[in-house]
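These notes concern the structure reproduced below.
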């Protein structure tokens, strides 16, 4: 992969946890892979009163803890750190942004940055409306000399209306092509492999439609609770935090049509067609096909877990959902009538993200089978990343009893290949001007449009069920009733790709 041209990365909110754990370690990994340009600099910007030396010391700790090259020699780390600088400002004061402009001018001369700047907003969402405006006021968003790009972390809005307002505001200071809305899930190698599995293998694509697929199931589970994020999470919830972005993005990759070519424009165009084809949720859907839950206190194998309402900074009467399961349809030629089931939750038995394609069973049951676990293609996003195909095989001995067996491939088998972290891949893409894995504003608004009726229904119907589920379980039992069909249910994945079962480690 070729290097990007000379440029600087300006991180707002640089004293925060995301910069420490993810961003700087990812940039260091790019450096160790020889993917940074010769002229490069990082400028951290935040309210905290760090000096360059103090900021570098903290970032060195982050590199040693979280980088893929955390055992790198001191000379490599120190050489990288020599290109990291820090500028303290009050991010809510317009006049302080002159300090950022002056510092960039200084770095531009020192490293020949060619006035190419990426601004990364690793800040609370309330600053998303201020920072672009103040950068614009200093002339830092204009691309007369050099490119200017801005990366924005989720949440991109709190609902459809706020997303529209934020989009309009950003477009007042940046062109759409300059705006990179980041969803780190899309940077995962296994998410990108969803497209490759489909479009590079002739054995799958002919079956990838309503004629052969019974239903599609997507799970994103976390075994942790809200930890120290109770204040944020209680104003967000699983629908906003996971469904509107991560899960619907995965849906679009599974359901999209083949792009004309592998380019950002063509891939985003096909994904957008999926969002437009999402069948609007009716009142009956909102009542019966959307399940929300909240984890309650429980004891799992002798260990006690607090309920959501007992977590720090969470309202004691909170009705914020920590679990969502949904059934919906995509109204287009390929998927008409095929139900999509998605679920996400906290304090579930294991941390796992995967897609399960349930193919239709043979039209006539000639052979006795243990159940309907075969005819499944599992695409594991994390952990134990890989692909698993479940198929029926004859049990040795008399008769024709059939047993489900596994044919699997694990990404870990590619131990001679370097697998980049999601942020590493996404930052490099932005440096090179590739927006394929970033979300356009139109797509963000389309996904908000789909989930907004759910938010409205819950707000307008305070008696709408909020099911409790014990920490360590797979969510409310009522969610099992979503999946129709005799013997059909959710797959209960474990940490290991090839294992199934309700009893996994918390």
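So if we plug the beta-carbon distance of residue 200 and residue 102 into 1/(1 + (r/R0)^6) with R0 = 41 Å, what FRET efficiency do we get, rounded to 0.05? For residue 200 and residue 102, the calculated efficiency is 0.25. In this simple spin-label model, placing a label point 7 Å from the Cα along the Cα-to-Cβ direction at both residue 477 and residue 211 gives a separation of 4.2 nm. Here the label points at residue 92 and residue 299, each 7 Å from Cα along the C-beta direction, are separated by 4.7 nm in the simple model. Put in order of Cβ neighbour count within 10 Å, fewest first, the listed residues 295, 423 become 423, 295.
Hey, what angle do you get for helix 441-460 against the long axis of the chain, alpha-carbon based, 0 to 90 degrees rounded to 10? The answer is roughly 60 degrees.
Averaging the Cα positions of each part gives two centres, and for the range 113-135 and the range 458-475 these lie 38 Å apart.
Would you mind checking the tilt of helix 52-66 against the longest principal axis of the Cα atoms of the chain, expressed as 0 to 90 degrees and rounded to 10? On a 0 to 90 degree scale, this one is about 20. If you take the Cα centroid of the range 392-443 and the Cα centroid of the range 1-20, the two points sit 27 Å apart. Relative to the dominant Cα principal axis of the chain, helix 189-199 is inclined by about 60°.
Multiplying the residue separation of residue 394 and residue 456 by 0.36 nm and removing their Cα-Cα distance gives an extension gain of 17.2 nm.
Calculate log10 I(q)/I(0) of the range 86-232 for q = 0.19 Å⁻¹, where I(q) comes from the Debye formula with a single equal point scatterer on each Cα and nothing for solvent. Taken in order of the listed q values, log10 I(q)/I(0) reads -1.19. Computed as a quarter of the hull surface, the mean projected area of the alpha carbon convex hull for the range 7-153 stands at 8.0 nm².
With neighbour counts taken as other beta-carbon atoms within 10 Å, the residues 391, 447 rank, fewest first, as 391, 447. Multiplying the residue separation of residue 315 and residue 162 by 0.36 nm and removing their Cα-Cα distance gives an extension gain of 52.7 nm. Antiparallel beta bridges, as assigned by DSSP with both residues in the chain, represent about 55 percent of the total such bridges. Enter the Cα centre distance for the pair the range 39-55 and the range 265-279, rounded to the nearest angstrom. If we compute the Cα centre of each part, the gap is 40 Å.
In the chain, the DSSP-assigned H stretches of four residues or longer account for a calculated mean residue ellipticity at 222 nm of -8000 deg cm²/dmol, using -39500 (n - 2.57) per stretch and the full residue count as denominator. The calculated pair-distance distribution of the chain uses every alpha carbon pair, bins of 10 angstrom beginning at 0, and gives 4, 17, 27, 26, 17, 7, 2, 0, 0 percent.
Take the Kirkwood radius over Cα pairs of the range 1-90, plug it into Stokes-Einstein at 4 °C and 1.567 mPa s, and you get 99 µm²/s for translational diffusion. Its relative contact order, with pairs defined as Cα atoms under 8 Å and 6+ residues apart, puts the chain at 16 percent.
Among 448, 335, the ranking by other beta carbons within 10 Å of each residue's beta carbon, starting with the fewest, stands as 335, 448.
Model label sites at residue 286 and residue 127, defined 7 Å from Cα along the beta-carbon direction, differ in position by 3.6 nm.
Taken together, the values in this text are just the output of simple stated rules run on the coordinates, not laboratory data. Since this is a predicted model, take the numbers as computed values, not measurements. So basically every Cβ, Gly included, is an ideal-geometry build from the backbone, and we count neighbours across all protein chains shown.
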